[in-house]
Amino acid sequence: MRRLGIVLLALLGFGAGDAQAAVIWTVGDAGDGSDQARAVAGTIQADGPDAFLYLGDVYPEGRAEDFAQRYDPVFGPLKSITWPTPGNHEWANRRTGYHPYWRSRIHGRDWYRLRIEGWEVIALNSELRHDKRSPQIRWLKRVLAKHRGTCRLAFWHRPLRSPGLVHGGTANIAPLWNSLRTHARLVVNAHDHLMARFRRIDGMTEYVSGAGGYTLYRVRPDRRTEFVRSGIQGALRIELEPGRATAEFRDATGQVLDSSSARCRLLRNAAR
């Protein structure tokens, strides 16, 4: 019944009603059909999560056959609870790959929101325009204006900051980040194939969860990080409950590598 409530918000604007912790797993860069990705997916599935946020990239090009042959055999069992955001690998072929595969989940939306246990979870799109005047940013600001509070988690593919040596941070993501200031507590991204947790900046904690299976990346020192792990596959497990979140990076066997927590202000209707 809790999962039904999560689905209804994304479609109709209503949230789950019971106040208990919801378990969410999130990872990206895992759609390669590898044994490593299968190990990560198996650990996630065995935990019986309420939701799975897929942070993008289905290899090599996100075509229909890539979803059918590489993504679906591995993460398909989680499809009914998955909320996706696109990565750079599948975006060019979105009309034949990403959008058809996820039609039953997001109904063609390129960005959307849902409510999970008192939190507003916002899926944004780093592959579409996200400058200050873009439709995406205008939509985001309207959503944020509806409720006061900080119990929000936002996710998209390309991180503003990353210690990875291959991609690193993406400076032009700043309008998404800046719009969320004072309105959100957690931001989750992928793109660099590693696991990292940054210290709180602008009131938000940024996680990079891109070690889902595909070739792993090396990292550089970054004073802003409080946890970094490269060379090992894993994913981020988050428990959400009203006013609080706890997060753990776990490897493919389920071993906890890093733990963190955050408190937030409950969402209230904004004064008119």
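The values are calculated or read from the model by the stated rules, or taken from the named source; none is laboratory data. Everything quoted here is computed from the prediction, not taken from an experiment. When we count neighbours, we look across all protein chains shown, and the Cβ atoms used for this are built from the backbone with ideal geometry, even at glycine.
Couple of notes before you dig in:
- Filtering segment 100-111 for residues that are aliphatic (A, V, I, L, M), assigned to a helix (DSSP H, G or I) and at pLDDT 95 or above leaves a non-empty set.
- Answer from 270, 174, 252, 190 - the residue that is of a type in the set (Gly, Ala, Ser) and within 14 Å of the chain's Cα centre (by Cα): 190
- Within segment 25-49, considering residues that are outside any loop (DSSP other than H, G, I, E, B) and of a type in the set (D, E, K, R), the one surrounded by the fewest Cβ atoms within 10 Å (Cβ to Cβ): 35
- Any chance residue 54 is modelled with pLDDT of 95 or more, within 16 Å of the chain's Cα centre (by Cα), at negative phi and crowded, with 17+ Cβ neighbours inside 10 Å: yes
- Scanning segment 165-199 for residues that are crowded, with 24+ Cβ neighbours inside 10 Å and among the small types (Gly, Ala, Ser) yields 184, 190, 196.
- Within segment 252-262, considering residues that are touching a strand residue (DSSP E or B) at 6+ places or on another chain (Cβ under 8 Å) and in contact (Cβ under 8 Å) with a residue 24 or more places away in the chain, the one nearest to residue 227 (Cα to Cα): 258
- Criterion applied to 109, 105, 115 was being over 21 Å from residue 75 (Cα atoms) and within 18 Å of the chain's Cα centre (by Cα), and the one residue passing it is 115.
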